[in-house]
Every structure is written in C-alpha cells, then in structure tokens.
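Novice: If you scroll down you'll find the structure; I have some questions about it.
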Amino acid sequence: MRVNGYSYLNLIITENGVKGTNSSYNQANVYSGGSYGVMGGFELLPNPVPAAKMTYNHVARAILGGWAGIPGDFPQDIPSGSSYIKAYNYIVPPNFNISQLKLIGIILNPNGEVLNVNESSIDEAIKSGLFTSTGDVKSSHENISIEPNPANDFAILKMRLLENSDIKVELIELSGNLISKEFFQIKLVILNIL
C-alpha cells in the first residue's frame with residue numbers, strides 16, 4: 001500500500017457494552033416471530049426488543065476527522081517503513097466507560113476508499129505511547145513538545161505550565177517496554193520587576 005500526501009487520516013472512537021433503559025435504546029427486530037429464519041435468538045424476541053434486554057457494541061462515539069478524514073495530514077512523500085504520528089484531542093464524557101472504548105485509526109484515499117485500519121483499546125494505545133491526561137485538563141499538546149522527534153540518543157522535553165504541577169515523565173519504547181520514569185514537582189517562579 002502506498003501512502004502519500006493525498007491520503008487522509010481519521011480516528012473513530014467506539015464503545016462496547018452500551019446499555020440504556022429508555023425507549024430510545026429499543027432495538028428494531030425484523031427477525032421477531034421467525035419469518036426470516038433463525039437469528040441468534042432474535043426470532044424469539046419481540047419487535048422492538050426492549051432496551052433492558054439490549055447491549056450494544058461498536059457504538060460510534062466520535063469521528064475526530066469528520067466523515068471523510070482530513071486532507072493534508074501526510075507529507076507528500078513517506079518512505080516505506082517509516083512512522084507518522086497524528087495528534088488528536090478528545091475529552092471523554094463522564095458517562096462513557098473508558099475500559100470499553102476502542103480507538104480505530106483509518107487511512108483513506110481521496111475517494112473515501114479505506115486503505116488500512118487498525119483498532120486499539122485505550123490501554124494498548126497508552127502502552128504504545130498515547131499521551132493521556134486525567135482530572136482537570138489545563139494543558140494541551142500545543143503546550144508540550146519533544147525535539148527531535150523521533151529521537152535516537154537524546155531528546156528535549158519542553159512544557160509550558162500555567163500553575164505549580166506534579167509531572168510524571170515516562171520513556172516507553174514502541175514495543176511498550178518502560179525505559180525510564182521520573183517524577184518532578186514544578187514550582188512556577190514569577191518575577192515582578194519595577
């Protein structure tokens with residue numbers, strides 16, 4: 001598969017195990033009564049199936065690049081075997097079950113044809129280097145940079161903080177192995193010169 005500057009990226013977030021109790025979670029059931037044959041027990045259930053009897057998987061919760069993806073994400077030429085990183089920002093609503101979320105990365109051509117797809121749980125993505133933050137999110141990827149990226153022997157981590165912060169920095173290989181972990185208590189110094 002050849003990926004170039006004409007390819008688009010997209011990220012879809014889905015959730016498994018979604019349940020609801022109100023009628024908007026009822027499931028239409030054309031298999032009710034068995035006239036369309038056997039369908040995993042749905043032929044024995046009413047139409048619609050009450051919400052209390054349904055659990056939904058693969059529920060699309062967010063499409064971060066819009067329906068078609070975002071053009072211009074890739075450079076014009078990407079050497080074979082190289083890696084490319086795209087950052088997305090998303091705040092998970094409190095009613096979502098993070099342990100049931102899946103991240104689905106998609107590469108599309110300009111016609112909308114899917115060229116490649118990969119699915120990962122949040123835990124798997126974190127082990128592979130996903131940046132996450134919990135609690136009161138006051139920073140963003142724009143406030144954090146690592147240079148050079150990718151790095152071989154050394155890297156410089158730069159952060160712009162707005163308040164005193166406890167920072168944990170972990171260096172993790174792409175394989176998921178923890179190389180180093182450091183904790184820092186950062187105190188801001190404000191100088192008023194009159």
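Novice: In whole Hz, with x marking every Gly and Pro, tabulate ³J(HN,Hα) for the range 102-110 from phi via Karplus 6.51 cos²θ - 1.76 cosθ + 1.60, θ = phi - 60°.
Specialist: After applying 6.51 cos²θ - 1.76 cosθ + 1.60, I find 10, 9, 10, x, 10, 10, 10, 8, x Hz.
Novice: Further question: Under a Cβ-Cβ cut-off of 12 Å, what is the net charge of the residues other than Lys181 that fall near it, where Lys and Arg count +1 and Asp and Glu count -1? Before the final figure, lay out each step's value.
Specialist: Values: positive: Lys168; negative: Glu170, Glu182.
Local net charge: -1.
Novice: With θ set to phi - 60°, apply the Karplus curve 6.51 cos²θ - 1.76 cosθ + 1.60 along the range 65-77 and write out the HN-Hα couplings as whole Hz, x wherever there is a Gly or Pro.
Specialist: Here the 3J(HN,Hα) series is x, x, 4, 9, x, 10, x, x, 6, 9, x, 4, 10 Hz.
Novice: Also, quick follow-up: What does the net charge come to around Gly69 if you take all other residues with beta carbon closer than 13 Å to its beta carbon, with K and R at +1 and D and E at -1?
Specialist: Details: positive: Lys86; negative: Asp73, Glu113.
With Lys, Arg at +1 and Asp, Glu at -1, the neighbours total -1.
Novice: Using a Förster radius of 25 Å, what is the FRET efficiency between His58 and Ile179 based on their Cβ-Cβ separation? Nearest 0.05, please.
Specialist: Working: r = 35 Å, r/R0 = 1.40.
Efficiency computed from Cβ-Cβ geometry: 0.10.
Novice: Going through the cross-link list Lys86/Lys181; Lys53/Lys127; Lys102/Lys168; Lys86/Lys168, which pairs have a Cα-Cα distance over 30 Å in this structure? Kindly include the intermediate steps, with their values, before the conclusion.
Specialist: Details: Lys86/Lys181 24 Å; Lys53/Lys127 35 Å; Lys102/Lys168 25 Å; Lys86/Lys168 22 Å.
Checking Cα-Cα distances, Lys53/Lys127 exceed 30 Å.
Novice: Counting Lys +1, Arg +1, Asp -1, Glu -1, what net charge surrounds Asn10 among other residues with beta carbon under 15 Å of its beta carbon?
Specialist: On the way: positive: Arg61, Lys86, Lys102; negative: Asp73, Glu113, Glu119.
Charge balance in the 15 Å sphere: 0.
Novice: Under 5 Å between amide hydrogens, which residues at least 5 positions from Arg61 or on another chain qualify, with H placed 1.01 Å from N in the peptide plane?
Specialist: Ile13, Thr14, Glu15
Where a number appears in this text, it was derived from the coordinates with a stated rule and is not lab data. Since we're looking at a predicted model, the values are computed, not measured. Methodologically, a virtual Cβ is constructed for each residue, glycine included, from the backbone with ideal geometry; neighbour enumeration extends over all protein chains shown.
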